[in-house]
Amino acid sequence: MIIYKTDAEVALMKEAALLVSKTLTEVAKVLKPGMTTLQIDQLCADYIKEQKGVPSFLNYRGYPYTVCASVNDVVVHGFPNNVPLQEGDIVSIDIGVILNGWHGDHAYTFIIGDAAPEVIELVKVTKESLYKGIEKAIVNNRIGDIAFAIQEHTEIKRGYGVVRELVGHGLGRSLHEDPQMPNYGKRGSGPKLKENLVLAIEPMINLGTKDVYTDEDGWTIRTRDGMPSVHFEHDVCVKRNQALILSDFSIIEAAEKANPNLNTSYYQ
């Protein structure tokens, strides 16, 4: 069942989404080679607690950490660990919080230092595809219009692999609500979009094959060919003429640009 929100509820959801954005900003300030994803997890857990939020992911269906930290060939759901991050790594940090009874949930991929040009381009195009999808999140369009816009920008035009097994989703008092929000599909297909539907739109795009597999831990999902994957996610409210983005990448980007250990060359 699709649950539509009131304007007041959307305002509360924006507060939750912004707490995720602020937490990702704290990561952007300090991320560097030699840091571990377990350190990132602890930083985020402490910050969310200080801001009176509750981690959405911790103990959700048995997930044992505050964040998902997905490095290089890990698509999503990477377990934080003690392996130091290295120059040239890309790392997607996916965070969920509960604030005032509402969930915020989004992700951002960072490039640490010098990375291969094809990896930098993958990050750039995946981020662009997120906004291509958001442009279609308006009343009377359909889920397939968002999905096709993402697929067209990444797979059809550039030959990247769009993951099929994992999708975005509705968001609200529950972390995962209807409808499912795939990153591939046909224009004009799927549920019709109505005002104040809140979606987590999250392209997961691979440099190589679209095929993935799950590690023995039952959570970590990797590309089948071992090539890099990129993940960006925004919380978005469907509106009549232009979608309302509840999360805020601008504060993350400002911190990212100010951190000499992070590569933002694709911004130019």
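The values are calculated or read from the model by the stated rules, or taken from the named source; none is laboratory data. Bear in mind the structure is a predicted one, so any value in this text is a computation, not a measurement. Cβ: placed from backbone, ideal geometry, glycine included. Neighbour counts: every protein chain shown. Side chains included, ligands, DNA and RNA excluded: accessible areas come from the protein's heavy atoms. Shrake-Rupley method; radii C 1.70, N 1.55, O 1.52, S 1.80 Å.
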Exercise. For Y108, all conditions in the list (1) under 23 Å from Y266 (Cβ atoms); (2) surrounded by 24 or more Cβ atoms within 10 Å (Cβ to Cβ); (3) in contact with a Lys or Arg (Cβ under 8 Å, 6 or more places away or on another chain) hold save one; what is the number of the exception?
Worked result: (3)
Exercise. For the subset of the range 69-82 comprising residues that are of a type outside the set (G, A, S) and in contact (Cβ under 8 Å) with a residue 60 or more places away in the chain, which member is surrounded by the most Cβ atoms within 10 Å (Cβ to Cβ)?
Worked result: V75
Exercise. Name the residues in the range 224-256 that are more than 15 Å from the chain's Cα centre (by Cα), within 23 Å of H176 (Cβ to Cβ) and of a type outside the set (D, E, K, R), would you?
Worked result: C237, V238, A243, L244
Exercise. Going through the range 5-17 one residue at a time, which ones are within 25 Å of A255 (Cβ to Cβ) and open to solvent by less than 50 Å² (accessible area, probe 1.4 Å)?
Worked result: M13, A16, A17
For this session: Taking the options L31, L85, L43, name whichever one is over 19 Å from H234 (Cα atoms), surrounded by 15 or more Cβ atoms within 10 Å (Cβ to Cβ) and without any contact (Cβ under 8 Å) to a residue 40 or more places away in the chain.
Result: L43
Exercise. Can you tell me which of P64, P55 is more than 20 Å from L199 (Cβ to Cβ) and more than 16 Å from the chain's Cα centre (by Cα)?
Worked result: P64
For this session: Go through the range 150-171 and give me each residue that's part of a loop (DSSP other than H, G, I, E, B) and surrounded by fewer than 21 Cβ atoms within 10 Å (Cβ to Cβ).
Result: G159, R164, E165, L166, V167
Seminar exercise, completed: Subset of the range 122-146, residues more than 15 Å from the chain's Cα centre (by Cα) and surrounded by 15 or more Cβ atoms within 10 Å (Cβ to Cβ), comes to K136, A137, I138, V139, N141, R142, I143, G144, D145, I146
Exercise. Can you spot a residue in the range 47-57 that is within 25 Å of K127 (Cα to Cα) and in a loop (DSSP other than H, G, I, E, B)?
Worked result: yes
Exercise. When you go through K127, K132, K157 one by one, which is the residue that is over 19 Å from M13 (Cβ atoms) and touching a strand residue (DSSP E or B) at 6+ places or on another chain (Cβ under 9 Å)?
Worked result: K127
Exercise. So R224 fits all but one of (1) open to solvent by 20 Å² or more (accessible area, probe 1.4 Å); (2) of a type outside the set (S, T, Y); (3) within 22 Å of I98 (Cβ to Cβ); (4) without any contact (Cβ under 8 Å) to a residue 40 or more places away in the chain; what number is the exception?
Worked result: (3)
Exercise. Within the range 180-212, how many residues are more than 21 Å from V71 (Cβ to Cβ), open to solvent by less than 40 Å² (accessible area, probe 1.4 Å) and either part of a strand (DSSP E or B) or among the basic types (K, R) (or both)?
Worked result: 5
